[in-house]
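A quick write-up on the structure given underneath.
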Amino acid sequence: MHNGNSTARPERILELVSRLNASATDKIAEIGAITRQTKMLALNALIEASRAGDAGRGFAVVASEVRNVSTEIEKVASALEGDVSADLTELKNIGGAIIDQLRGQRMIDLALNAIEIIDRNLYERTCDARWWATDSAVVQCAAEPHNAEATRYAASRLGVILRAYTVYLDLWVCDTEGRVIATGRPDLYPQALGHSVANESWFREALATKSGDDFAVADIAVCSALDNQPVATYAAAIRENAEMQGRPTGVLGVHFNWGPQAQTVVDGVRITEEEKARTRVLLLDRNFRVLACSQRKGALAERVELRTGGAPTGTYVESDGSVVAFALTPGYETYKGLGWYGCLIQKPA
């Protein structure tokens, strides 16, 4: 097993090719130097044999053959240099292509992993919204919005839930007019109570759902009633008597604390320490707006010009040499996702 060994790196292929090329070039150059020296010696021997007249004729034949052999060796060395150079160039190109493919696939896998973690996390939020909308205190609060005791009890129940589920900023019970009548953190977010969500898409869509199996979700946005923090809001209709097909009497909105939760996901993508300085790990919405960034910049403000070509996953190289990898949300269980992407943008080393 060499998984932890640096020699197992794909880049090792190119390192070995470079070493082999350098070694072959050096050795061929040495052969050339030796053959040139041998030819020079043979030439000198021919000159001396000529001076010796008949006595040097036999030696002249040997010297001539040595020169011929040197010439043949020189030709072989030249051919070898050409063949080795061509083969090593091809090997280097093949190795580079393999490394690029491996690196690209690894980056795609990392992007997919990031968006899958978010999908699974948000799937749980859809379950929470539908489940808590059937809580007896929540159901009574929505059915009797002007009953102070019912709203106090619902707020108490929501507070208990929030103490156990720390990924939420707040939970709201809204009446059918879109007025927030109970919250789980009235002390922390007093402005939320009485706040109108009548124009919010998640409220309108949840109120219009057909059964207790359905839910609504909104794009990531800052919420003024929650101190302008970014939230992922999931909602479900509160139904009469908590029946699956019951008449909607209100809406339960659950506000996922998007900022720190999403940051944890992009920060947790397994890239090396060397890669971190030159790599942005991103979560993007369906319009390629940045939802979270490992380098902590651009969230909800920047848009990445992602070139997907309609493919769910892929990788390509930008003009500056940066490698871009992306993966479309695959969804999880009954959660189909929102068309979001996991994305890595890595500058050249």
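We did not get these values from a lab; they are worked out from the coordinates using the rules stated. The structure presented is a predicted model; accordingly, all values stated were derived computationally and were not measured. Ideal geometry is used to build each Cβ from the backbone, glycine not excepted, and the neighbour counts take in all protein chains shown.
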Worksheet item: Taking R0 as 45 Å, what's the FRET efficiency between Thr89 and Val222 from their Cβ-Cβ distance, rounded to 0.05?
Response: 0.25
Fill in: Thr334 versus Asp267: modelled label distance in nm, points set 7 Å from Cα along the beta carbon direction
3.3 nm
Worksheet item: Can you give the three extents of the C-alpha atoms in segment 129-176 along their principal axes, from longest to shortest, in whole Å?
Response: 29, 19, 16
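Going highest first, how would you order 266-276, 339-349 by mean Cβ packing within 10 Å?
Going from most to least packed, we get 339-349, 266-276.
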